[in-house]
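Data first, discussion second: the structure below is written as structure tokens.
We did not get these values from a lab; they are worked out from the coordinates using the rules stated. Not measured: the values here are computed from a predicted model. Don't worry about glycine lacking a Cβ; one is built from the backbone with ideal geometry, like all the others, and counts go over all protein chains shown.
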């Protein structure tokens, strides 16, 4: 009889532990990324919002804000995407947010010729390029696409250069 009581306690205690493990910020971020990759944007956003609810101001929150920005961008909500990227950068200068916001500002410059958009794009994309050059702890999404990212970054920064004026 004693063994069955211990077994029952283990079962009762294991359920909350398993549920708690599923709510860890890292698990929520990975789950969000999986949903995002599958095109299930609302499900991804739910996971990222759970991270923000528990971990405001942390590196995990910076990643969640960036990933929420990606969700908004994919839904065509450009202003919301930009706001999330800026929140991410404000926390810890999250490098992928610099890339994503730099991309948006580059698009702004291309569409409008706005010099402020160009300057911000150059600064953000240069910061991201420096991060790539260090190569410290690149996330899989960057590592797997590194060659493509390097080409895009070089071409984009080249296109953002201020033309030399003739004398």
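Compared with the rule-of-thumb size 2.2 N^0.38 Å for a compact globular protein, region 23-93 has a Cα radius of gyration ratio of 0.97.
Applying 0.36 nm per residue to the separation of residue 145 and residue 132 and subtracting their alpha-carbon distance, the gain on full extension is 3.5 nm. For region 56-95, what class follows from the C-alpha gyration tensor (a ≥ b ≥ c being the square roots of its eigenvalues): rounded when a/c is under 1.5, otherwise prolate if a/b is larger than b/c, else oblate? Taking the square roots of the gyration eigenvalues as a ≥ b ≥ c, region 56-95 is prolate. Ordering 131-140, 64-73, 108-117 by mean Cβ neighbour count within 10 Å, with the highest value first, yields 64-73, 108-117, 131-140.
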